[in-house]
Amino acid sequence: MIQHLKTGKPAQFKADINTQVRATVEGILGDIESRGDAAVREYSAKFDKWSPESFRLSQIEIDACIASLSPQALADIQFAQAQIRRFAQIQKSSMHDVEIETLPGVVLGHRNIPMNSVGCYIPGGKYPLIASAHMSVLTAKVAGVKRIIACAPPFDGKPCPEIVAAMHLAGADEIYCLGGVQAVAAMAIGTETIKGVDMIVGPGNAYVAEAKRQLFGRVGIDLFAGPTETMVICDDTVDAELVAVDLLGQAEHGPTSPAYCLTTSKKIAAELPAAIEAVLARLDTAPIASVSWRDYGEIILCDSDEEMLAESERLCSEHVQVMTRDPDWFLQRMTNYGGLFLGHRTNVSYGDKVIGTNHTLPTQGAGRYTGGLWVGKFIKTHTYQRVLTDEASVAVGEYCSRLCGYEHMSGHKEQADIRVRRFKIVA
């Protein structure tokens, strides 16, 4: 039997917050569309206290940011990018153009074509998320995107050197110190000084996520993103302290980040609340993580792996960490999640920062219908067809004519019929 020992706030509470966010974002987008750069500058000054002569960084400014970093910091960034680049290249190599003769004289195929332009948003107001530059800019570069622009807000009143270095080393063509909805809008809509792009990618706060949602259709987006979610599936092969660390490691993202513990261990279920408090005592981010756990943390005690599987499929968490005797049992059966982290030797932080997989993952149940950001998101698969002979055109055309007739679409039918009339050899 599944027992919910601790539950989070109801869905309606989140819905009420979303209503307010939606209205605010709609107003900002409309204003930026009407007034362009002037509106962008006003919102940057209002929200980030940032109004430089130019939001775009010059090569001199980029070089200064890189020069300010220690050799170790640069080496660490380069190591992380090497892992992410390697996996993205392997993923790209799995995508092939195809062409095949499906009937005599009928050739079908598809081409994988990189997007022409992409805007990458890198969060940096509360935490300077260096890794998001790797995940978006670098992956787009591997995909072959022709123009990549990147925006990140100021950190401590200036461009964050680590983020700027990561953007540049990843291959960004244009780098802007600009944050929030105003950055997303400028990239998507375009202004007098920022040429718009075809797609927006990258995580962000609730306002950034809502801006992407409202702009979807006008531009492409990677996915709809809500607050970070994490889930630990565990049995008695681990202890409550390890579970607490892995839950709070993601709860620190923000005060509305859900964190779920699914366990078959009564011992872990009983000890986890105290373990959470003990771990919070040693975290600088406890003021955020504690609120997230208090309001959105859940402890769910199950009788079996099958019950934990059923609950995990229902919740469809962004991150799912499996620490059980046989993690592969879940790998083979799970279908609803963002990213899987198997065994006690790995964790979500490895995936977020350095191991090589992409950390931009589906939230709010979107793992039911999409995976996360990967090199394929920046590549469009376009089909084509070629008919080589008169005989092939007639053979397909006769079927097409009848099928169009069933649908009462005479224009479509005539497209087929004219070719049958012209190419058919009458004995």
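Couple of notes before you dig in:
- Over segment 182-279: Kirkwood hydrodynamic radius from C-alpha pairwise inverse distances, Å: 15.9 Å
- Residues of segment 373-405 with amide N under 12 Å of the 7 Å Cα→Cβ point at THR102: 383-387, 396
- Base-10 log of normalised Debye intensity for the chain (one unit scatterer per alpha-carbon) at q = 0.06, 0.09, 0.11 Å⁻¹: -0.33, -0.67, -0.90
- DSSP-defined beta bridges in the chain - what % are antiparallel, rounded to 5: 35 percent
- Relative packing of 387-399, 254-266, 90-102, which averages over residues the other C-beta atoms within 10 Å, highest first: 254-266, 387-399, 90-102
- With the convex hull of its Cα atoms as the shape, segment 150-233 has an orientation-averaged projected area of 7.0 nm².
- Comparing ASN205, ASN347, ASN112 in a Gaussian network model of the chain (Cα springs below 10 Å), the most mobile by mean-square fluctuation is ASN112.
- For segment 101-149 and segment 171-192, distance of Cα centres in Å: 17 Å
- Relative contact order [Cα under 8 Å, 6+ residues apart], segment 260-357, whole percent: 26 percent
- In segment 293-427, the portion of solvent-accessible area held by carbon and sulfur atoms comes to 52 percent [1.4 Å probe, whole percent, DNA, RNA and ligands not counted].
- Rounded FRET efficiency, nearest 0.05, which uses the C-beta distance separating SER68 from THR193 and R0 of 22 Å: 0.25
- Rounded accessible area of ILE122 (nearest 10 Å², 1.4 Å probe): 0 Å²
- The largest-to-smallest principal axis extents of the Cα set in segment 35-188 are 66, 43, 26 Å.
- Nonpolar atom fraction for segment 1-126, defined as the carbon and sulfur part of the 1.4 Å probe accessible area, stands at 58 percent.
- Two-decimal log10 I(q)/I(0) for segment 106-265, as the Debye equation yields it once each C-alpha is a single scatterer, q = 0.10, 0.12, 0.19, 0.21 Å⁻¹: -0.44, -0.60, -1.11, -1.27
- Note that the chain presents 48 Å² accessible area per residue, ligands and nucleic acids not counted, probe 1.4 Å.
- ASP173 exposes around 70 Å² of accessible area when a 1.4 Å probe is run over every protein chain in place.
- Other residues with beta-carbon under 14 Å from the beta-carbon of ASN358 carry, at +1 per Lys or Arg and -1 per Asp or Glu, a net charge of +3.
- Take every pair of alpha-carbon atoms less than 8 Å apart whose residues are at least six positions apart; their mean separation over the length of the chain yields a relative contact order of 19 percent.
- Pairwise Cα distances in segment 297-412 exceed 21 Å in 57 percent of cases.
- Radius ratio Rg over Rh of segment 341-405, counting only Cα atoms, Kirkwood formula for Rh: 1.38
- For segment 61-132, diffusion coefficient by Stokes-Einstein and Kirkwood Rh (Cα), 37 °C, 0.692 mPa s, µm²/s: 198 µm²/s
- Whether segment 197-251 is rounded, prolate or oblate, judged on the alpha carbon gyration tensor where a/c under 1.5 counts as rounded: prolate
- The Cα-based radius of gyration and maximum Cα-Cα distance (Dmax) for segment 224-313 are 12.5, 37 Å.
The values are calculated or read from the model by the stated rules, or taken from the named source; none is laboratory data. Since this is a predicted model, take the numbers as computed values, not measurements. All Cβ positions, glycine included, derive from the backbone under ideal geometry; neighbour counts span all protein chains shown. For the accessible areas, the whole protein counts, side chains as well, though only heavy atoms, and no ligand, DNA or RNA atoms are used. Shrake-Rupley method; radii C 1.70, N 1.55, O 1.52, S 1.80 Å.
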